[in-house]
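Values quoted throughout were computed directly from the atomic coordinates according to the rules given, and no laboratory measurement underlies them. Only a predicted model underlies this, so the values are computations on that prediction, with no experimental measurement involved. Heads up, the Cβs are rebuilt from the backbone with ideal geometry, glycines too, and the neighbour counts pull from every protein chain shown.
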Amino acid sequence: MSDKGPPPAGENPAPPGTAVPSRPPIAEVASGTELARWYWTRAELAARLRDLGSPGSGSKEVLAGRLAAVLDGRSPEPAPSGRPTGPQLRDPVDADSVIQPGQRCSQVLRRFFQSRIGPGFHFDQAMRDFIADGAGRTLGDAVAHWHATRDQPPGPIGRQFEYNRFIRDWHAAHPGGAQAAAAAWRAHRADPRLD
């Protein structure tokens, strides 16, 4: 997907008179190049890899790379090692609870933050980074971080979150209209990538 955002409603990105190919079933994709032309869900990539006898675990980006390699007859890159995990905080937690190395953004933390911040709390990138890099700091520090980062504009959305980027860009260009955004996403997903 291009980082230029979604086209205006009803606009076809193909030149006039050019037929836009429709997205093939993933089982019919025969090369890594063809795979990269289309949007695929993580579930689709994992299922296709399993059908081909390869592991279907990992992030969407890892799965897409692995499937492209398998389709092209190359050896897949070794899976990158994830963040180390350690003991996770468990209920009950309070503002003085210390974030441990490898702490995840768990339901325990979500409940705590919602009780201190309110129902509008969500694990945005600033909070996910704070938790991931916050070993030794407290949950009280994390609450202060939440409040300190609310006036910041939204940061970039990672490449693996293509749907989120599309929807944010759509709503910026077309305020309101969740149903129109969903329809635009389905149309976008069915079209080949331009980059």
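From the helices alone, meaning DSSP H stretches of at least four residues, give me the mean residue ellipticity at 222 nm for the chain, per-run term -39500 (n - 2.57), in deg cm²/dmol to the nearest 500.
Rounded to the nearest 500, the figure is -12000 deg cm²/dmol.
Using the 10 angstrom Cβ neighbour count as an exposure proxy, how do Glu34, Glu44 rank, fewest first?
Glu34, Glu44
If I stretch the segment between Ser75 and Asp141 completely, what's the gain in nm (0.36 nm per residue apart, minus their alpha carbon distance), one decimal?
Extra length from Ser75 to Asp141 when fully extended: 19.3 nm.
Could you please rank Arg90, Arg168, placing first whichever residue has the fewest other Cβ atoms within 10 Å of its Cβ?
So the ranking, lowest neighbour count to highest, is Arg90, Arg168.
Evaluate the distance, in nm, between pseudo-label points positioned 7 Å from the Cα of Ala187 and of Asp133 along their respective Cα→Cβ axes.
4.0 nm
How much net charge surrounds Ile131 when only the other residues with a Cβ under 10 Å from the Cβ of Ile131 are counted, with Lys and Arg +1 and Asp and Glu -1?
+1
For a Förster distance of 25 Å, can you work out the FRET efficiency between the beta-carbons of Ala180 and Gln114, rounded to the nearest 0.05?
0.25
Stretched out fully, how many nm does the piece from Arg50 to Arg159 gain, at 0.36 nm a residue minus the Cα gap?
36.9 nm
Working out 0.36 nm times the residue gap between Arg168 and Ala27, then minus their Cα-Cα distance, what length gain in nm do you get to one decimal?
Gain on extension, Arg168 to Ala27, equals 47.7 nm.
To the nearest 0.05, what FRET efficiency results for Gln100 and Arg150 with a Förster distance of 35 Å applied to their C-beta separation?
For Gln100 and Arg150, the calculated efficiency is 0.85.
Percent of alpha carbon pairs in the chain separated by more than 26 Å?
51 percent
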